[in-house]
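The values are calculated or read from the model by the stated rules, or taken from the named source; none is laboratory data. Values in this document were obtained by computation on a predicted structure and should not be read as measured data. Neighbour counts run over all protein chains shown; Cβ positions are idealised from the backbone, glycine included.
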Amino acid sequence: MATHPGGLTAPQRPAPAPASFALRAEQVVRRYGDRVVLHGIDLTLEPGEFVALLGRSGSGKSTFLRAVAGLDDGVAGSGVLDVTERVSLSFQDSRLLPWARVADNVALGLTGPDPRSRSLTALAEVGLAGRTRAWPHELSGGEQQRAALARALVREPELLLADEPFGALDALTRIKMHALLRELYERHRPAVLLVTHDVDEAVELADRVLVLDEGRIAVDLAVELRAPRSRRDPRFQNHRDTLLAALGVAGQAPASDGPDLPKETR
Ligand SMILES: Nc1ncnc2c1ncn2[C@@H]1O[C@H](COP(=O)(O)OP(=O)(O)OP(=O)(O)O)[C@@H](O)[C@H]1O
């Protein structure tokens, strides 16, 4: 375990013990000047737990994710933030380095044996076996996100932090990426914290959905639907309605498994 700047306590263990959680936040507060953006967040993610974080624009989702990722020392001293050591990040923009070929992007910074062959294996896993020597600009948006997923998962993270990774993709590609992410998750079983604006994406992928409202967790909903989850399932629709209501979105989205759903709740 590592303690990020918000942490007051660093667990000191003589020998590594199996982690009892991937993330533990207690009373994490973030202020910008007089403005409080996170109002004392309490959240624990068990190992292998898939959690989606919804919330209106400006509710503090990215702020919380950045704090968990250790990218924001503005939460220092506000509470406890213990995060497992092997964390991977994924963003809306794939953040591939333009001057490195795809396989080199995935292998970059990898420690341990044979980074090259691990990179190639990861790329094959996301369906990019034939594009390993391509430059990032030669890939489509969906392929770039596949490469970014390969780069994240090749590190065998215990916690995957994803900030709207599919937000810039078209609806069809997004559906394919949902299936891929869930498949990769089933195989590798990291804990996942997925920030999204897409209620359907959250209910389809996550086993627990949180709604952040003005820096507070307003809803913590367990989604106990078997895969493959159908948007036509009345229980899926119930979850969607609950979440849309919590997000202050009036009306109910029509049931469909197709790509033509209203997605954005922003
Ligand atoms: N560097 C900063 N300085 C001042 N205020 C900031 C800064 N970064 C974020 N904020 C404010 O913190 C609040 C939460 O921002 P955050 O980016 O976490 O929201 P979000 O829920 O991720 O929004 P979105 O869905 O639009 O991405 C916003 O009101 C934002 O203006």
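Give the residues of the stretch 219-245 that are modelled with pLDDT under 95 and either within 16 Å of the ligand (Cβ to nearest atom) or touching a Phe, Trp or Tyr at 6+ places or on another chain (Cβ under 8 Å) (or both), sorted by residue number. Answer for the stretch 219-245, where residues must be modelled with pLDDT under 95 and either within 16 Å of the ligand (Cβ to nearest atom) or touching a Phe, Trp or Tyr at 6+ places or on another chain (Cβ under 8 Å) (or both): L225, R229, S230. Of note, A218 satisfies the criterion of being closer than 24 Å to K61 by Cβ, free of Cβ contacts under 8 Å to residues at least 60 places away in the same chain and not in a helix (DSSP H, G or I). Applying the criterion of being of a type outside the set (A, V, I, L, M) and over 23 Å from V195 (Cα atoms) to the residues of the stretch 85-110, the residue that is surrounded by the most Cβ atoms within 10 Å (Cβ to Cβ) is N105. Answer yes or no as to whether R216 is within 16 Å of the ligand (Cβ to nearest atom) and surrounded by 15 or more Cβ atoms within 10 Å (Cβ to Cβ). Considered against the rule, which asks whether it is within 16 Å of the ligand (Cβ to nearest atom) and surrounded by 15 or more Cβ atoms within 10 Å (Cβ to Cβ), R216 comes out as yes.
Taking every residue in the stretch 60-71 that is within 8 Å of V195 (Cβ to Cβ) and pairing it with any residue that is within 6 Å of the ligand (Cβ to nearest atom), at least 6 positions away or on another chain, the pairs with Cβ-Cβ distances below 6 Å are K61/G55.
Table: residues versus (1) under 21 Å from V192 (Cα atoms); (2) surrounded by 20 or more Cβ atoms within 10 Å (Cβ to Cβ); (3) out of contact with any Asp or Glu (no Cβ under 6 Å at 6 or more places or on another chain).
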position	(1), (2), (3)
G112	no, no, yes
S117	no, no, yes
T121	no, no, yes
W135	no, no, yes
E138	no, no, yes
V154	yes, yes, yes
A162	yes, yes, yes
L172	no, no, yes
K176	yes, no, yes
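Number of residues in the stretch 123-146 that are modelled with pLDDT of 95 or more and under 29 Å from T44 (Cα atoms) equals 0.
Somewhere in the stretch 26-38, is a residue farther than 16 Å from I217 by Cα, surrounded by 13 or more Cβ atoms within 10 Å (Cβ to Cβ), within 13 Å of the ligand (Cβ to nearest atom) and not β-branched (V, I, T)? Yes, there is a match, as at least one residue in the stretch 26-38 is farther than 16 Å from I217 by Cα, surrounded by 13 or more Cβ atoms within 10 Å (Cβ to Cβ), within 13 Å of the ligand (Cβ to nearest atom) and not β-branched (V, I, T).
No other residue among L89, L54, L108 is away from the ligand (no atom under 15 Å from the Cβ) and either modelled with pLDDT of 95 or more or hydrophobic (A, V, I, L, M, F, W, C) (or both) apart from L108. Quick check on D82: is it of a type in the set (D, E), assigned to a strand (DSSP E or B) and surrounded by 16 or more Cβ atoms within 10 Å (Cβ to Cβ)? When the stated conditions are applied, D82 passes them. Screening R174 with (1) charged (D, E, K, R); (2) farther than 30 Å from V29 by Cβ; (3) more than 16 Å from the chain's Cα centre (by Cα) gives one miss only, at (3). When residues in the stretch 164-194 are screened for being modelled with pLDDT of 95 or more and farther than 17 Å from A122 by Cβ, 3 of them pass.
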